[in-house]
Amino acid sequence: MNPAASIDGNTYLNDTSSLVDRILERHLPADQTPPTTLHQAMRYSVMAGGKRLRPGLALAVFEYAGGDGKKAPDTIHKAMAALEMVHTYSLIHDDLPCMDDDDLRRGRPTCHKQFNEAVAVLAGDALHVLAFDLMAQTGSNRAVLELAEAVSTGGMLGGQIADVEAEGREVSYEEIKSIHTRKTGALIRGAVRIGAILADANEELLARLTVYGERIGLAFQVIDDILDIEGDEKLLGKEVGSDSKNQKATYPAVIGLEKSHDEARRLINEGLAVFADEEDHVLKFLARYIGQRAY
Ligand code: IPE
Ligand code: IPE
Ligand code: MG
Ligand code: MG
Ligand code: MG
């Protein structure tokens, strides 16, 4: 694989997804190893596919920042697995009846539908703890702290509780921006920063890449909201209309569909502006892909 030769972000993610799958395969406990139900459920949700955006971004940033994956491939690879495991854990819990109550994920019945709620809760917990185990194995204390910050009550978990508590009531633009920045933006920002940290990026570059991660991370959730209205269930692999069913606070609900599209475009352009004057490269492709994705 030569990322620089990728023609667009979608191609890049497709190219890297087989690498991501191999890494995940290596680090997930075997189905036959007890407790088998738990290991089966972890594998069921993680190996169901998905875009692998967070590990793809971490790898692309790592390479952009001059990280040498050949010298220590295990380091960035373990971080990539950790990011995808945290993300998948968040999806398993997000789909539970007590949260968004969804039946379809990554084109399959959700974890609690396929197994049961107790298994789904525990499989999510197990992926969460395995993710931190793997991130610790990178030997980078800073990367572990980044992941903790991204998932914390100040990040993804804070966003998820705010999302649940906003159901059924009117929220302001500032509020929806804050919810989305945390529930989805924080882990995408974290993936970018972890890629840079593991590549030993200097603080100036890290700060610039952080702006990139923040803008595309928020844009990603704005588009997710839009796709819940305009998207194709088959392509998405999850039910559309889930947000209105749950009276969720979303960008389209707060500012309308058209302005949501404008907002996503603006955020992607701000992310791209970090690389002003640079020739096209994978991080620019990925930003454009996030702005245009259909699934
Ligand atoms: C879905 O994430 C949940 C959000 C944070 C919006 P993705 O759209 O990245 O889901 P997968 O990993 O491709 O299944
Ligand atoms: C999910 O947001 C955010 C996290 C899982 C942290 P959504 O609830 O909008 O994601 P989907 O639409 O179910 O994938
Ligand atoms: Mg949700
Ligand atoms: Mg959901
Ligand atoms: Mg959604």
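Quick notes on this one:
- Per-peptide packing, taken as the mean over residues of other Cβ atoms within 10 Å, places 219-228, 33-42, 116-125 in the sequence 219-228, 116-125, 33-42 from highest down.
- Under the Karplus curve 6.51 cos²θ - 1.76 cosθ + 1.60, θ = phi - 60°, whole-Hz ³J(HN,Hα) for the stretch 235-250, x wherever Gly or Pro sits: 5, 6, x, 9, 5, 8, x, 5, 5, 6, 4, 8, 6, 6, 7, 10
- P(r) tail, the chain: Cα-Cα pairs separated by more than 38 Å, 7% of all pairs.
- Prolate/oblate/rounded call for the stretch 66-213, Cα gyration tensor, a/c under 1.5 rounded: oblate
- Fewest-first ordering of Met80, Met135 by other beta carbons within 10 Å of each residue's beta carbon gives Met135, Met80.
- Radius of gyration and maximum dimension Dmax of the stretch 194-295, Cα, Å: 15.4, 46
- Cα shape, the stretch 81-167, gyration tensor, a/c 1.5 rule: oblate
- P(r) tail, the stretch 1-141: Cα-Cα pairs separated by more than 24 Å, 32% of all pairs.
- Close Lys-Lys pairs in the chain, where close means Cα under 15 Å and separation is 8 or more or interchain: 7
- Of the DSSP H helices in the chain, those whose Cα atoms cover at least 27 Å axially and whose Kyte score averages -0.5 or more: 73-94, 117-136, 203-230
No value in this document is a laboratory result; all are computed from the given coordinates. Owing to the predicted nature of the structure, the values given are computational and were not obtained by experimental measurement. Here the Cβ is made from the backbone with ideal geometry for all residues, glycine too, and neighbour counts use every protein chain on show.
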